[in-house]
Structure formats: structure tokens, C-alpha cells
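Here the structure comes first, spelled out in C-alpha cells, and everything after it is commentary.
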Amino acid sequence: MRFILGSGSPRRKELLAQLGITPDAITPPDIDEDPKKGELPRPYCARLAREKAAAVVAGADDVVLCADTTVALGRRILGKPRDAGEAAAFLTALGGRRHEVITAVAVRRGSRIWTRESVSAVKMKRLSDAELNAYLTGGEWHGKAGGYAIQGAAGAFIPWISGSFTGIVGLPLAETAALLQAAGYPVWRQP
Ligand SMILES: Cc1cn([C@H]2C[C@H](O)[C@@H](COP(=O)(O)OP(=O)(O)OP(=O)(O)O)O2)c(=O)[nH]c1=O
């Protein structure tokens with residue numbers, strides 16, 4: 001049994017390492033991440049995690065793990081910003097309000113697939129021009145859903161969360177460990 005991480009996200013690799021798991025292979029799938037017309041954030045996020053898991057090439061006994069993190073502002077899906085201008089628009093929209101961060105995890109072994117979602121609520125303070133400009137210049141918005149990373153400088157913009165910190169960063173570890181065990185992966189084997 002090989003463990004295949006179907007994700008190019010360094011955060012997911014690091015979070016797996018917290019469980020003592022080092023993937024045998026890392027093969028990020030290339031799928032279309034555009035939402036369907038009228039698609040809501042939660043079903044969108046779950047669909048993407050499943051599609052990523054289905055797209056990874058693996059042997060019948062291999063365990064494949066994929067995930068998707070989506071920031072939801074009401075019914076609006078905020079993906080990874082295309083440029084600094086879009087990141088600024090996202091952060092301005094998120095400031096002074098509560099939003100949700102959804103991470104869907106999909107584990108596949110052969111033709112079987114197990115999925116779970118983690119939903120967290122996040123409050124971001126309204127950003128001053130100086131805060132917004134400094135954050136954009138720092139570049140941490142790049143490649144992050146909603147244009148921020150709670151595990152970096154944006155932690156200073158977030159006075160409150162309810163949910164799963166690891167889920168917000170990109171891989172909820174409680175759900176992930178449960179899914180891996182369901183798929184027969186020995187998460188808690190003795191070293
Ligand atoms: C909200 C938030 C997101 N993120 C990151 C996690 C994900 O890497 C990214 C969301 O994009 P995803 O599409 O979920 O993942 P990815 O493109 O980085 O990698 P892959 O599809 O290959 O698995 O945003 C943080 O690191 N911190 C945060 O606080």
C-alpha cells in the first residue's frame with residue numbers, strides 16, 4: 001500500500017507530517033476549478049475534492065488523499081485570487097464580517113471513496129489601508145483561497161474563529177485521520 005498525496009499544497013504536506021505521515025508520492029491533479037453556474041460553496045468544495053481524488057492515477061491498493069479549501073462569503077465562492085487586485089477586493093469584502101472556510105477531504109482506495117467536510121466560521125477585522133497594502137506587498141495572498149493565510153501574517157487580522165484551525169489552513173486533521181482509518185490506512189501504528 002502506497003500513500004499518494006494528490007495535492008501540490010505545501011500546507012497539506014506539513015499537516016500530514018504532524019500525523020507522522022510522509023507520502024510515498026505527491027501527484028497534484030490538474031482539474032477545472034471553475035464553479036458551475038449557481039453552485040453553492042459547500043457542494044462546490046465537496047465536488048472538487050472528489051474530482052481531485054478521482055483524477056489521481058494510483059494502484060488498486062494505494063491510498064489517495066486530496067482536499068479542497070473554499071472561502072465562502074454568504075453564497076459567494078472566493079477562490080484563489082488571480083492577482084493582487086483581486087486579493088485586495090476579497091480582503092476588503094471579508095473585512096469586518098464573518099465568513100466560512102470549508103475544507104473537503106477525499107480519500108480513495110481502488111474504486112472506493114470516503115469524504116468529509118470541515119466548516120469553520122472566521123471573523124476578520126476591517127483592514128486599514130496600511131494593513132491591506134502591507135499584506136498585499138508581502139505576497140502571502142498568492143495561492144490561498146480568499147486571498148489570505150491564517151497561519152501567516154493574516155493571523156493578526158483574525159480575532160475569532162469557531163471550528164477547525166487545521167481545516168482553515170487546508171487539511172482538517174481530525175477528519176483526515178478518521179477517513180484514513182476508514183480506508184484501512186494504519187494512522188496510529190507503532191513506530
Ligand atoms: C483560508 C486559507 C487557505 N489556505 C490555502 C490552503 C490551500 O492550499 C489553498 C486553497 O486552494 P486549494 O485549491 O484547496 O488547494 P491548492 O491549489 O493549494 O492545492 P491542490 O489543489 O493541489 O491540493 O488555500 C491557507 O493556507 N490558509 C488559509 O487560512
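The values are calculated or read from the model by the stated rules, or taken from the named source; none is laboratory data. Keep in mind the model is a prediction, meaning the values are calculated, not measured. Here Cβ is always computed from backbone atoms with ideal geometry, including for glycine, and neighbour counts include all displayed protein chains. Accessible surface is based on the protein model in full, side chains and every heavy atom, while ligands, DNA and RNA are left aside. Shrake-Rupley method; radii C 1.70, N 1.55, O 1.52, S 1.80 Å.
A few notes on this one:
- In the range 1-44, GluC sites (Glu not before Pro) in a DSSP loop with at most 16 other beta-carbon atoms within 10 Å: 33, 39
- Apolar share of the accessible surface for the range 3-182: 50 percent from carbon plus sulfur atoms, 1.4 Å probe.
- Alpha-carbon centroid distance for the pair the range 128-144 / the range 8-82, whole angstrom: 24
- Restriction of the trypsin sites (Lys or Arg not before Pro) in the range 4-94 to DSSP coil positions whose beta-carbon has at most 10 other beta-carbons within 10 angstrom yields 36, 37, 75, 82.
- For the set 52/123; 37/80; 52/144; 13/125, the pairs lying more than 24 angstrom apart at their alpha carbons are 52/123; 13/125.
- Note, ³J(HN,Hα) from phi for the range 26-41, Karplus 6.51, -1.76, 1.60, rounded to Hz, x at Gly and Pro: 10, 10, x, x, 10, 10, 6, 9, 6, x, 6, 4, x, 5, 7, x
- Here the range 111-145 is scanned for amide nitrogen atoms under 13 Å from the site 7 Å beyond the Cα of residue 14 along Cα-to-Cβ, giving 140.
- Couplings 3J(HN,Hα) of the range 12-21, computed from phi: 5, 4, 5, 5, 5, 4, 4, 8, x, 9 Hz, in residue order, whole Hz [Karplus 6.51 cos²θ - 1.76 cosθ + 1.60, θ = phi - 60°; x for Gly and Pro].
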